[in-house]
Amino acid sequence: LVTTDSLDYVKRKELFEKLGDATCKVKNYEKAIDFYKKSLEAAVLNGDMGKRLIPIYVSLYQTYIDLKEYENALKYLHMEYDLIKDIPKEACATSLSIANLLHLAKKDFWEIETAYRKALAEARLTEDISTERVVMKKLASLCKEFNMTSLAEMLVVEATQKNIDLNEFSKAVTI
């Protein structure tokens with residue numbers, strides 16, 4: 001960094017990202033966040049935008065998760081989602097990550113459920129039944145955890161109508 005021109009944003013971005021990765025390896029997550037933010041700043045100054053910023057967003061939200069700073073992690077997950085929302089498979093995966101993070105952050109049931117429903121809608125756009133099954137299982141598990149029996153029952157019925165087997169949930173929730 002000392003020998004790199006202060007206007008060489010490409011090199012600075014790369015170096016800050018490497019420093020962030022290195023400090024994560026030694027579990028110095030706070031310092032890693034600083035480096036990743038500097039990498040993001042250099043990328044923006046270089047004119048990078050859109051999907052080119054996603055790797056930095058991923059580094060930031062993963063590191064915030066390591067720090068158990070879920071609100072900060074959610075900020076970058078939402079930024080990623082905004083960039084990939086038109087790609088159903090990626091949007092589904094990111095929505096699932098958001099739902100999981102909301103759960104870790106101990107948000108209320110309805111906020112988490114809404115995120116899972118969004119992931120389910122995106123899973124359906126992929127037309128991949130296994131992706132839809134994964135999301136439905138996670139949603140059923142959430143309903144069960146929060147004692148939302150009626151919602152879990154409706155989900156099992158919905159899954160059955162689509163020939164999706166939710167295994168343990170169809171046994172655990174009687175219709």
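The values are calculated or read from the model by the stated rules, or taken from the named source; none is laboratory data. Quick caveat, the model's predicted, so the values are computed rather than measured. Reconstructed Cβ throughout: ideal geometry from the backbone, glycine too, with neighbour counts over all protein chains shown. Side chains included, ligands, DNA and RNA excluded: accessible areas come from the protein's heavy atoms. Shrake-Rupley method; radii C 1.70, N 1.55, O 1.52, S 1.80 Å.
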Subject >> Accessible solvent surface per residue of the chain, calculated while the other protein chains remain in place, 1.4 angstrom probe, Å² >> reply: 56 Å²
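Taking 0.36 nm per residue of sequence separation and subtracting the Cα-Cα distance, how much length would be gained by fully extending the chain between residue 145 and residue 160, in nm to one decimal?
On the way: separation 15, 0.36 × 15 = 5.40 nm, distance 2.07 nm.
The span from residue 145 to residue 160 would gain 3.3 nm if fully extended.
Given the DSSP H assignment, sum -39500 (n - 2.57) over each helix run of at least 4 residues in the chain and divide by its residue total; what's the result at 222 nm in deg cm²/dmol, nearest 500? Each step should come with its number before you reach the end.
Numbers: 9 runs with 132 residues, N = 175.
Result for the chain: -24500 deg cm²/dmol, rounded to the nearest 500.
Using a Förster distance of 25 Å, how high is the FRET efficiency between residue 127 and residue 54, based on the Cβ-Cβ distance and rounded to 0.05?
Numbers: r = 24 Å, r/R0 = 0.96.
For residue 127 and residue 54, the calculated efficiency is 0.55.
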**OP:** Just need log10 I(q)/I(0) for segment 1-120 at q = 0.11, 0.18, 0.21 Å⁻¹, Debye formula, equal scatterers on the alpha-carbon atoms, no solvent, rounded to two decimals.
**Re:** -0.40, -0.92, -1.11
Original post:
If you wrap segment 44-175's Cα atoms in a convex hull and average its projection over all directions, what's the area in nm²?
Top reply: 8.5 nm²
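Per the 1.4 Å probe, what fraction of the accessible area of the chain, in percent, lies on carbon and sulfur atoms?
Values: 5290 of 9880 Å².
Carbon-and-sulfur percentage of accessible area, whole number: 54.
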**OP:** Please name whichever of 44, 63, 130 sits farthest to the positive end of the charge dipole of the chain, dipole taken about the Cα centre and charges placed at Cβ: Lys and Arg +1, Asp and Glu -1.
**Re:** 63
**OP:** Please give the contour-minus-distance gain from residue 10 to residue 78: 0.36 nm per residue of separation, less the Cα-Cα distance, rounded to one decimal in nm.
**Re:** 22.0 nm
Subject >> Calculated FRET efficiency for the pair residue 18/residue 68, C-beta based, R₀ 22 Å, to 0.05 >> reply: 0.35
